[in-house]
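Asker: Handing you this structure, nothing more for now.
The values are calculated or read from the model by the stated rules, or taken from the named source; none is laboratory data. Quick caveat: nothing in here was measured; it's all calculated off a predicted structure. Heads up, the Cβs are rebuilt from the backbone with ideal geometry, glycines too, and the neighbour counts pull from every protein chain shown.
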């Protein structure tokens with residue numbers, strides 16, 4: 001059971017692997033596909049966060065049919081008061097049945113929206129408009145309204161939207177800065193600096209360090225050969 005002050009932990013950012021991205025719109029410009037995407041927290045991550053913060057026995061959800069179809073979810077949390085008592089507090093929200101697996105999708109989406117009422121994943125609404133990174137090596141596939149398939153990866157999450165433990169360390173950023181001073185290709189260096197400014201996870205920082213070290217080795221070898 002959580003004290004009221006502890007419930008603020010429900011608002012903490014989730015790890016990138018707990019975020020799912022859906023294509024909202026997609027098209028093509030000058031022969032190149034583009035996609036605008038939206039971020040959502042997975043239901044599994046929501047349940048894990050509730051278990052962690054308030055305890056498995058101190059939250060529950062109930063469902064009702066919506067007034068115009070769809071599903072309404074009530075997400076209840078047992079809150080401990082300062083006087084030693086406790087009470088169940090319920091927050092409600094709803095969603096329409098989805099196109100794929102309508103009932104299951106409606107239940108899942110209504111729970112996600114009810115969770116936002118408690119602060120879980122609410123920070124995702126503060127993200128700037130999300131544009132997919134479209135390239136041949138993307139992990140996900142989608143198609144434009146004209147039926148052209150393309151591959152894409154999610155946008156890079158800004159530093160403020162990452163768990164503190166996953167943000168690149170000071171030592172990693174210092175190493176990247178030192179390597180950037182040795183890179184001769186201004187375009188390459190500018191691209192890395194942009195990624196650093198947007199915020200890097202520890203894993204992404206390690207990738208950037210390995211890339212820069214390899215780039216410097218290639219440039220050094222080319223200079224010697226010349």
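Asker: Return a yes/no flag: does region 192-206 have any residue that is at pLDDT below 95, more than 22 Å from residue 33 (Cα to Cα), under 22 Å from the mean Cα position of the chain (by Cα) and in a loop (DSSP other than H, G, I, E, B).
Answerer: yes
Asker: Return the residues of region 23-51 that are under 20 Å from residue 161 (Cα atoms) and loosely packed, with under 13 Cβ neighbours inside 10 Å; say none if nothing qualifies.
Answerer: Residue satisfying the conditions is 44 alone.
Asker: Further question on the same structure: Exactly one condition in (1) at pLDDT 90 or above; (2) surrounded by 18 or more Cβ atoms within 10 Å (Cβ to Cβ); (3) over 30 Å from residue 4 (Cα atoms) is not met by residue 168; state its number.
Answerer: (1)
Each row is one residue, and each column tells you yes or no for (1) assigned to a loop (DSSP other than H, G, I, E, B); (2) within 19 Å of residue 138 (Cα to Cα); (3) without any contact (Cβ under 8 Å) to a residue 40 or more places away in the chain.
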{"position": "22", "(1), (2), (3)": "no, yes, yes"}
{"position": "27", "(1), (2), (3)": "no, yes, no"}
{"position": "35", "(1), (2), (3)": "no, yes, no"}
{"position": "47", "(1), (2), (3)": "no, no, yes"}
{"position": "51", "(1), (2), (3)": "no, no, yes"}
{"position": "64", "(1), (2), (3)": "no, no, yes"}
{"position": "73", "(1), (2), (3)": "no, no, no"}
{"position": "76", "(1), (2), (3)": "no, no, yes"}
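Asker: Just checking, which of 142, 132, 114, 68 is at pLDDT below 90 and assigned by TED's automatic domain parsing to the domain that holds residue 54?
Answerer: Going through 142, 132, 114, 68 in turn, just one is at pLDDT below 90 and assigned by TED's automatic domain parsing to the domain that holds residue 54: 68.
Asker: Now a separate question. Tally up the residues in region 123-171 that are farther than 21 Å from residue 196 by Cβ, touching a helix residue (DSSP H, G or I) at 6+ places or on another chain (Cβ under 9 Å) and part of a loop (DSSP other than H, G, I, E, B), please.
Answerer: Qualifying residue count for the region: 0.
Asker: Among the listed residues 84, 74, identify the single one that is on the phi > 0 side of the Ramachandran plot and assigned by TED's automatic domain parsing to the domain that holds residue 112.
Answerer: Criteria check complete, one pass: 84.
Asker: Within the bounds of region 85-106, is there any residue that is modelled with pLDDT of 85 or more, part of a helix (DSSP H, G or I), under 23 Å from the mean Cα position of the chain (by Cα) and surrounded by 18 or more Cβ atoms within 10 Å (Cβ to Cβ)?
Answerer: Within region 85-106, none of the residues are modelled with pLDDT of 85 or more, part of a helix (DSSP H, G or I), under 23 Å from the mean Cα position of the chain (by Cα) and surrounded by 18 or more Cβ atoms within 10 Å (Cβ to Cβ).
Asker: Let me ask you something else. Among the residues of region 120-129, is any farther than 19 Å from residue 40 by Cβ and at pLDDT 90 or above?
Answerer: Within region 120-129, not a single residue is farther than 19 Å from residue 40 by Cβ and at pLDDT 90 or above.
Asker: Could we say that residue 223 is more than 29 Å from residue 39 (Cα to Cα) and either exposed (fewer than 12 other Cβ atoms within 10 Å of the Cβ) or in contact (Cβ under 8 Å) with a residue 60 or more places away in the chain (or both) here?
Answerer: Yes: the conditions hold for residue 223.
Asker: Look through region 53-62, keep the residues that are over 22 Å from the mean Cα position of the chain (by Cα) and in a helix (DSSP H, G or I), and return whichever of them is surrounded by the most Cβ atoms within 10 Å (Cβ to Cβ).
Answerer: Taking the candidates together, the pick is 58.
Asker: Within region 173-192, is even one residue in contact (Cβ under 8 Å) with a residue 40 or more places away in the chain and on the phi < 0 side of the Ramachandran plot?
Answerer: No, region 173-192 contains no residue that is in contact (Cβ under 8 Å) with a residue 40 or more places away in the chain and on the phi < 0 side of the Ramachandran plot.
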